[in-house]
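Right, one structure below, let's go through it.
The values are calculated or read from the model by the stated rules, or taken from the named source; none is laboratory data. As the structure is a prediction and not an experimental result, all values here were calculated from the model. Heads up, the Cβs are rebuilt from the backbone with ideal geometry, glycines too, and the neighbour counts pull from every protein chain shown.
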Number of protein chains: 2
Amino acid sequence: MQDKPSNLPRTQPDGAALKSIIDVMLERRATMHFAPDPVPEEYLNAILSLAAQAPSGYNLQPWRFIVVRKEENKRRLQAVAFKQPKVVEAPVVIICLGMKEEWKERATEVFKEGAERGAGQTDAWQQTRDGAIGFITKALPMSVWVTRHTMIAVTSLMLIAEAYGYDTAPMEGFDPAGVKTEFGVPDEAEVVALVAIGRGVAPDKAYPGRFALDQIVYEEAYGEPWTQDT
Amino acid sequence: MQDKPSNLPRTQPDGAALKSIIDVMLERRATMHFAPDPVPEEYLNAILSLAAQAPSGYNLQPWRFIVVRKEENKRRLQAVAFKQPKVVEAPVVIICLGMKEEWKERATEVFKEGAERGAGQTDAWQQTRDGAIGFITKALPMSVWVTRHTMIAVTSLMLIAEAYGYDTAPMEGFDPAGVKTEFGVPDEAEVVALVAIGRGVAPDKAYPGRFALDQIVYEEAYGEPWTQDT
């Protein structure tokens, strides 16, 4: 493992200020068509490095990302993603995976090094590790657990890319078995999402509206609508 | 449904600038202990309203949130959340749910109103709705699908709260059956996470490290380590 990333770009590539998360949440749209302009290496690294700081249960980080940029590979991905044009148009498409087994192999590194960094008892990390593995494997289906955590990193990645001024398109229109075959992904992986990153070509899709807070937020108990001013 | 929220606070409650998403990703820690200071209504509304702008497949928004603030209810929640002290200490704890059935009942509103807002053909929204429901119910287990989408809103909520200067603690240490019983949640719901929001009491947990990019990012195919400078 390693320390926090440093020397990250603090502006958009053209020097404009980072977008605030408020603007990102209000202005982001799932981009339908992308221009071919590449995402500079420095920015792609920053997006990935920051997404990798996402939290996860016991810091187990079950997420893995395949960065697809070569034309021929984007075409192969498109063929298992319902032929969506944006998969080939976007300069970068990231295949987001949650590993249902491999995280257990890496748990020793996570708990041992975590303890050495002060986040656990150095003489008890084996017991903590074994307890964590036991809890997770019993608490819920592994596909749900890896989806839960991988989506923290995927959502972070999308919002960070948007803050740097890029447009994104998260996708769930794909055949997971086809993605695994085409990209050599172990069968144990859950293919959680695809995320395209680049510069959108106007126009965006129209804003379709959202449920009002009193339709989705309850106060103190399920079914008691949130009555605060919205 | 409704339009985008407006009149949101653009600073932290004390007037300080919003934190950038870079600082949020680098500085955020899962808070262990909270001070009792309440989260002002205006900020809690803004956090929820912005989280509700999260994207979801077909805009179906399967997430629901129960805001728990009353002492007696926090104690009941704590009893089904492995007695974690932060559940009672934090001024706000949000129970995050993904609805495995109810989203279908709301699909008519989503597709009809979406089409009226320009995000679909007004004469074909019923077919689009039926096709979406068919795709989703066949593509993957419903518990995975609602977790995928609910976690986009949950992650957004956490990052927005942090940008407003609050501390957060996402939790997966709870008994979902107990949460449902105590808070009147229908059995069809997936209890995806609890999120505590408030002001942390120092010290934070130590930073436990993260996998380096060449441990979690692959280039063009699974197993080909990312070799860019990190």
Residues of the stretch B:175-189 being among the small types (Gly, Ala, Ser) and more than 9 Å from chain A (Cβ to nearest Cβ), in sequence order, are B:Ala177, B:Gly178
If we ask which residues in the stretch A:1-45 are facing another protein chain (nearest Cβ under 8 Å), without any contact (Cβ under 8 Å) to a residue 60 or more places away in the chain and over 17 Å from the mean Cα position of the chain (by Cα), their number turns out to be 9
Reported set for the stretch A:46-85 where residues are part of a helix (DSSP H, G or I) and at the interface with chain B (Cβ under 7 Å from one of its Cβ atoms) is A:Leu48, A:Ser49, A:Leu50, A:Gly57, A:Asn59, A:Asn73
Checked against (1) assigned to a helix (DSSP H, G or I); (2) surrounded by fewer than 23 Cβ atoms within 10 Å (Cβ to Cβ); (3) in contact with a Gly (Cβ under 9 Å, 6 or more places away or on another chain), B:Arg106 satisfies every condition except (3)
Scanning the stretch A:166-209 for residues that are among the basic types (Lys, Arg) and either under 19 Å from A:Thr147 (Cβ atoms) or in contact with a helix residue (DSSP H, G or I) (Cβ under 6 Å, 6 or more places away or on another chain) (or both) gives A:Lys180
Would a scan of the stretch A:174-191 turn up a residue that is at pLDDT 95 or above, among the hydroxyl-bearing types (Ser, Thr, Tyr) and crowded, with 19+ Cβ neighbours inside 10 Å? no
Practice problem: Taking B:Thr150 as the residue in question, decide whether it is β-branched (Val, Ile, Thr), in contact with a helix residue (DSSP H, G or I) (Cβ under 9 Å, 6 or more places away or on another chain) and without any contact (Cβ under 8 Å) to a residue 40 or more places away in the chain. | Solution: no
Residue check, A:Ile94 part of a strand (DSSP E or B) and either within 20 Å of the chain's Cα centre (by Cα) or surrounded by 17 or more Cβ atoms within 10 Å (Cβ to Cβ) (or both)
yes
Just one listed residue, out of A:Thr128, A:Thr147, is hydroxyl-bearing (Ser, Thr, Tyr), within 8 Å of chain B (Cβ to nearest Cβ) and touching a Gly at 6+ places or on another chain (Cβ under 7 Å), and it is A:Thr147
Review point. Do we find a residue being surrounded by fewer than 22 Cβ atoms within 10 Å (Cβ to Cβ), modelled with pLDDT under 95, under 25 Å from A:Ala193 (Cα atoms) and not hydrophobic (A, V, I, L, M, F, W, C) anywhere in the stretch B:216-223?
Key: no
Residue set B:Glu105, B:Glu113; condition within 17 Å of B:Pro55 (Cβ to Cβ), of a type in the set (D, E, K, R) and more than 20 Å from the chain's Cα centre (by Cα); output residue B:Glu113
Within the stretch A:113-124, the residues that are more than 11 Å from B:Pro208 (Cβ to Cβ) and either modelled with pLDDT of 95 or more or acidic (Asp, Glu) (or both) are A:Asp123
Conditions (1) buried (at least 20 other Cβ atoms within 10 Å of the Cβ); (2) of a type outside the set (Ser, Thr, Tyr); (3) out of contact with any Phe, Trp or Tyr (no Cβ under 9 Å at 6 or more places or on another chain); (4) over 22 Å from B:Thr227 (Cα atoms) -> A:Lys74 fails only (4)
>> Residue under question is B:Thr137, and the condition is that it be touching an Asp or Glu at 6+ places or on another chain (Cβ under 7 Å) and free of Cβ contacts under 8 Å to residues at least 60 places away in the same chain; does it hold?
In response: no
Flagged pairs (Cβ under 6 angstrom, 6 or more apart or on separate chains; first in the stretch A:190-214, facing chain B (nearest Cβ under 10 Å); second among the small types (Gly, Ala, Ser) and crowded, with 23+ Cβ neighbours inside 10 Å) are A:Glu190/A:Gly98; A:Val192/A:Gly98; A:Pro208/B:Gly114; A:Arg210/B:Ala52
Of those in the stretch B:192-210 that are surrounded by fewer than 19 Cβ atoms within 10 Å (Cβ to Cβ) and hydrophobic (A, V, I, L, M, F, W, C), the residue farthest from A:Pro225 (Cα to Cα) is B:Ala206
